[in-house]
């Protein structure tokens, strides 16, 4: 049986609360990930995300939030390609945090599963790089630049 999950991890030289806020605050997410987020991420909410550069829109369902520690959401079509994303934050000290993103639920019997896993891993590493640049150096023009 294949392990159909992908994980990406990165150290960011910011406290966990700043990393957490960059994800859940709709005023910050456009600096490194999606163009916009419909509202603050809170447990039980459905969030609409837009990617203006790709004329795309999608949604996610926030399943769990532990402030400054964990964010869990599902996205994709239920019973088809829905996956669960778990973002955990581990504050090392007052000035640095390990962020880990784990996406599970990719369908192991899908003939394209390996390509999908590689694509998701690439996307998460890129998102974390953009997040790191934004939080550590206030660089906010890297997102939506990855070419496939």
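The number of residues in the stretch 1-31 that are at pLDDT 95 or above, assigned to a loop (DSSP other than H, G, I, E, B), touching a helix residue (DSSP H, G or I) at 6+ places or on another chain (Cβ under 7 Å) and buried (at least 16 other Cβ atoms within 10 Å of the Cβ) comes to 2. Would you call residue 98 touching a strand residue (DSSP E or B) at 6+ places or on another chain (Cβ under 9 Å), closer than 18 Å to residue 134 by Cβ and surrounded by fewer than 16 Cβ atoms within 10 Å (Cβ to Cβ)? Against the criterion (touching a strand residue (DSSP E or B) at 6+ places or on another chain (Cβ under 9 Å), closer than 18 Å to residue 134 by Cβ and surrounded by fewer than 16 Cβ atoms within 10 Å (Cβ to Cβ)), residue 98 qualifies.
Can you find a residue in the stretch 112-131 that is touching a helix residue (DSSP H, G or I) at 6+ places or on another chain (Cβ under 9 Å) and in a strand (DSSP E or B)? So that I can check it myself, show each step before the final result.
Start the filter on the stretch 112-131 by keeping residues that are touching a helix residue (DSSP H, G or I) at 6+ places or on another chain (Cβ under 9 Å), which leaves 130-131.
Now restrict to residues that are in a strand (DSSP E or B): none.
Within the stretch 112-131, none of the residues are touching a helix residue (DSSP H, G or I) at 6+ places or on another chain (Cβ under 9 Å) and in a strand (DSSP E or B).
Given the residues 77, 136, which is the only one that is outside any strand (DSSP E or B), under 20 Å from residue 18 (Cα atoms) and out of contact with any strand residue (DSSP E or B) (no Cβ under 6 Å at 6 or more places or on another chain)? The unique qualifying residue is 136.
The values are calculated or read from the model by the stated rules, or taken from the named source; none is laboratory data. Quick caveat: nothing in here was measured; it's all calculated off a predicted structure. Positions of Cβ are backbone-derived with ideal geometry, glycine not excepted, and every protein chain shown enters the neighbour counts.
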